[in-house]
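Participant: To start, I am sharing the structure in question, which I have written as structure tokens.
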Amino acid sequence: MAINVIMVDFIVCTENMKTALLAGTQSACGKTTIMLALLQYLKAQQHNVVSFKAGPDFLDPLWHQAITGQYSYNLDTRMIGAANSQQLLAKQALAADVAVIEGVMGLFDGRSGVGESGSSAELAKVLQVPIFLVVDAKGMSGSIVPLVSGFCAYAEKMGVRISGIIANRVGSAHHASLLKTVLQEHQQPPLIAWMEKDAPVLPERHLGLMQPSEVALPDFLPFFHVEVADLVALFAETDSHLGEQKPIQLLKGKKIAIAQDAACCFIYPVNLEFLREQGAELVFFSPVAGDAIPNTADAVWLPGGYPELFVQALSISKTWFSLGEFIEAGKPVLAECGGAMLLGEALIDLDGKSWAMANILPFRSKMQTRLASLGYREDKTGIKGHEFHHSVRESEQKLEPYLQIDRGDQGVCYKNCRASYVHWYFASAPEVISKWLSGNK
């Protein structure tokens with residue numbers, strides 16, 4: 001099936017599909033707002049849309065899903081890798097006629113350098129897709145030309161192409177006309193769409209956007225204006241014919257219990273698919289609701305999320321008794337970020353109040369207003385992930401680490417329980433994650 005794709009800091013790429021990457025000039029230029037408006041527009045045009053997110057973000061994909069009704073998958077060249085990104089695009093896009101990928105930060109921002117590892121520009125190059133560039137045009141008219149021309153020149157130098165401009169925070173239709181005219185007069189990519197300055201904004205908290213389950217989804221369509229008759233026709237075809245290898249099923253016969261609720265909500269959908277492809281049976285439980293660990297579980301995965309928002313329920317959760325028994329029996333537990341915080345003695349909130357947690361591991365998690373750590377992580381075993389949190393771990397005891405990484409949290413190891421601030425991308429090292437969840441040291 002032919003598929004049309006866009007990327008605002010996005011990228012799309014599957015066999016014989018039409019593709020574009022929607023990238024921004026910098027963070028906070030309005031990529032996510034434009035992305036959601038674009039998804040709403042395409043849905044209103046009766047397209048079957050799938051979406052993607054460049055980089056390791058959890059929250060943007062949840063907003064995508066609120067519009068499309070389907071999982072939004074992460075892609076990047078650093079944590080996920082070029083090959084896996086291509087396979088995800090090829091696999092997910094087959095069921096849709098339009099695919100959209102939202103990029104990360106500014107077009108050339110990545111782990112280091114200009115347009116290097118983890119950047120949207122590198123992803124566009126690897127996937128061979130054109131770019132739609134989002135520009136914050138507030139207070140700007142002719143200045144858009146040197147800005148855009150500079151981005152185009154460097155993109156061309158990298159071997160990627162910016163094929164259209166989407167202006168955000170535009171003052172009026174007259175303002176949009178000025179932008180459109182100067183771009184045309186100076187032979188720059190055309191203005192293909194624009195968003196009014198009074199468009200709704202998404203509410204945020206310390207880790208970024210709030211979840212769509214917490215607030216109403218804004219209607220961006222009255223504020224979003226498309227300047228071309230057929231936007232999808234502007235997408236370029238790209239070929240990414242990829243064969244799939246059948247998984248070895250390293251977790252065949254294993255039953256994995258996964259914490260999934262409002263406190264444990266940072267789960268890459270592809271990780272769930274990976275576990276199933278490896279032969280595991282998945283069951284779910286809620287620490288907020290106080291669910292016991294299923295008796296038949298062979299392993300437990302505690303994903304990250306927002307435990308600090310549910311401290312009262314978590315402080316009296318009946319989950320902790322069965323989880324403690326599970327860990328003391330030497331069964332494998334993998335805890336990530338917020339999930340790791342649950343295992344400590346207490347969680348100290350921003351007001352300094354201490355809330356009891358599972359009291360399985362000898363540390364306290366203390367919330368703070370400033371960012372504690374951010375960045376890609378890779379263990380010596382080759383497994384890759386991402387760290388992003390505002391809490392810090394405090395302990396009077398020397399904790400045994402389980403990771404060997406150059407930078408970031410080395411984690412805590414107790415029996416077959418592994419806990420750290422890192423969110424792992426399972427497919428980056430199938431044998432490693434399967435070993436952890438099988439209880440092998």
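Participant: Provide the percentage of antiparallel DSSP beta bridges, counting only those with both residues in the chain; round to the nearest 5.
Facilitator: So the antiparallel bridges in the chain amount to around 35 percent.
Participant: Show me the ranking of peptides 102-108, 408-414 by mean Cβ neighbours inside 10 Å, starting with the highest.
Facilitator: Listed from highest to lowest mean packing, they are 102-108, 408-414.
Participant: Here is a further query. Helix by helix through the chain, keep the DSSP H runs that span 15 Å or more along the axis on Cα and average at least 1.0 on Kyte-Doolittle, and give those back in order.
Facilitator: Span-like helices here: 144-158.
Participant: Further question: Could you tell me what percent of the DSSP beta bridges with both partners in region 255-438 are antiparallel, to the nearest 5?
Facilitator: Antiparallel: roughly 55 percent of the beta bridges in region 255-438.
Participant: So, one more: What are the trypsin sites (Lys or Arg not before Pro) within region 40-81 that DSSP puts in a loop, where the Cβ has at most 13 other Cβ atoms within 10 Å?
Facilitator: Of the trypsin sites (Lys or Arg not before Pro), not one in the loops of region 40-81 has a Cβ with at most 13 other Cβ atoms within 10 Å.
Participant: Run a plain Debye calculation on region 4-238 (Cα atoms as equal point scatterers, no solvent) and give log10 I(q)/I(0) at q = 0.08, 0.09, 0.11, 0.12 Å⁻¹, rounded to two decimals, same order as the q list.
Facilitator: -0.24, -0.31, -0.47, -0.57
Participant: Next question, about the same structure. Show me the chymotrypsin sites (Phe, Trp or Tyr not before Pro) within region 167-230 that DSSP assigns to loop and that have at most 12 other Cβ atoms within 10 Å of their Cβ.
Facilitator: Within region 167-230, no chymotrypsin sites (Phe, Trp or Tyr not before Pro) qualify (loop, at most 12 other Cβ atoms within 10 Å).
Participant: Would you mind ranking TRP436, TRP301 so that the residue whose beta carbon has the fewest other beta carbons within 10 Å leads the list?
Facilitator: Listed from fewest to most nearby Cβ atoms, that is TRP436, TRP301.
Participant: Okay, moving on. Determine, for each peptide in 21-33, 387-399, the mean count of other beta carbons within 10 angstrom over its residues, then list the peptides with the highest first.
Facilitator: So the order, starting with the most tightly packed, is 21-33, 387-399.
Read the figures in this text as sums done on the coordinates, not as results from a lab. Because the structure is a prediction, the values reported are computed rather than measured. Don't worry about glycine lacking a Cβ; one is built from the backbone with ideal geometry, like all the others, and counts go over all protein chains shown.
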